[in-house]
Amino acid sequence: MLIQIDKLKRRPRQISIDEQATSFPFLADLIEQGAVVFNATINGTCEATWVGDAIEVTGQLATTVTTPCCRCLMPVVSQLDIPVMLSYAGNDEEESPVVEEIELQDNDVSLIPFSGPEIDLRLDLDQEVIMALPQQPLCQEICQGLCPVCGCNLNKDSCDCEPPVFHAGLDALKNFKVKQ
Ligand SMILES: [Zn+2]
Ligand SMILES: [Zn+2]
């Protein structure tokens, strides 16, 4: 996932990606914490193009993940389609005024600074995949979740638990009277 900038100036480059999620440092952390299981490699194609003083990397990645339902914790499988749109701006000392100019002109795209002869996409693609992970996965729209008292899965079982008593502070409001 390295882009050699010199070669890129001559022509755009296709980058095929087919990587284990564990080879991305932030994803590897999430996997180790048990927050997500990847059922496939992260795969797809990106194209890197030299545009003036910036480098644009666009493409599409895909994978499938299993994450716990946010209400009942049962596993939920999600297909992820991850659009990639990264812009890098050169960070050479002599050319720094140019970078500022680009930033002023183009407020919508956040430019990632780079220096040196090559760009490593790994950390930025890592971020893109993290942002594409399901935020609040649900096993079904009407998931009933877990009973807050006994913990049984209310999609499958029922229980006779009393609904939990709310904070006493709310009870006090019932007796609240405005003084005449
Ligand atoms: Zn659920
Ligand atoms: Zn219960």
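The values are calculated or read from the model by the stated rules, or taken from the named source; none is laboratory data. No experiment lies behind these values; they were computed from the predicted model shown. Neighbour counts run over all protein chains shown; Cβ positions are idealised from the backbone, glycine included.
Give segment 130-158 a look and list any residue that's over 30 Å from ILE42 (Cα atoms) and within 12 Å of ligand 1 (Cβ to nearest atom), or say none.
Here is the first cut: in segment 130-158, the residues over 30 Å from ILE42 (Cα atoms) are 142, 144-158.
Of everything in segment 130-158, those that are over 30 Å from ILE42 (Cα atoms) and within 12 Å of ligand 1 (Cβ to nearest atom) turn out to be ILE142, GLN144, GLY145, LEU146, ASN153, LEU154, ASN155, LYS156.
Filter segment 35-63 down to the residues that are closer than 17 Å to ASP18 by Cα and polar (S, T, N, Q) and list them by number. Don't jump to the end; show me each part of the working.
Going through segment 35-63, the residues closer than 17 Å to ASP18 by Cα turn out to be 37-48, 57-63.
Scanning segment 35-63 gives ASN39, THR41, ASN43, THR45, THR58, GLN60, THR63.
From the list THR63, THR45, pick out the single residue that is in contact with a helix residue (DSSP H, G or I) (Cβ under 9 Å, 6 or more places away or on another chain), under 17 Å from GLU128 (Cβ atoms), touching a residue at least 12 places away in the same chain (Cβ under 8 Å) and not in a helix (DSSP H, G or I). Quick ask: steps written out before the conclusion?
On the way: THR45 fails: in contact with a helix residue (DSSP H, G or I) (Cβ under 9 Å, 6 or more places away or on another chain).
Answer to the check: THR63.
When segment 1-16 is examined, which residues are found to be touching a residue at least 40 places away in the same chain (Cβ under 8 Å), surrounded by 13 or more Cβ atoms within 10 Å (Cβ to Cβ) and part of a strand (DSSP E or B)? Talk me through it step by step, then tell me what you get.
Narrowing segment 1-16 to residues touching a residue at least 40 places away in the same chain (Cβ under 8 Å): 1-6, 8-9, 15.
Now restrict to residues that are surrounded by 13 or more Cβ atoms within 10 Å (Cβ to Cβ): 1, 3, 5, 8, 15.
Passing the criteria: ILE3, ILE15.
How many of the residues in segment 17-42 are in contact with a Pro (Cβ under 9 Å, 6 or more places away or on another chain) and assigned to a strand (DSSP E or B)?
1
Please pick out the residue among GLN140, GLN135, GLN144 that is within 16 Å of ligand 2 (Cβ to nearest atom), out of contact with any Asp or Glu (no Cβ under 7 Å at 6 or more places or on another chain), of a type outside the set (Lys, Arg) and in a loop (DSSP other than H, G, I, E, B).
Details: GLN140 fails: within 16 Å of ligand 2 (Cβ to nearest atom); GLN135 fails: within 16 Å of ligand 2 (Cβ to nearest atom).
On inspection, the qualifying residue turns out to be GLN144.
Report yes if some residue within segment 118-136 is of a type in the set (Gly, Ala, Ser) and modelled with pLDDT under 90; otherwise report no.
No, segment 118-136 has no match at all.
Name the single residue, out of those in segment 105-132 being part of a helix (DSSP H, G or I) and touching a helix residue (DSSP H, G or I) at 6+ places or on another chain (Cβ under 8 Å), that is farthest from CYS70 (Cα to Cα).
If we filter segment 105-132 for residues that are part of a helix (DSSP H, G or I), which is where we start, we get 105, 122-132.
Going one step further and asking which of them are touching a helix residue (DSSP H, G or I) at 6+ places or on another chain (Cβ under 8 Å), we end up with 122-123, 126-127, 129-130.
Working: ARG122: 29, LEU123: 27, ASP126: 23, GLN127: 22, VAL129: 19, ILE130: 17 Å.
The extreme case among them is ARG122.
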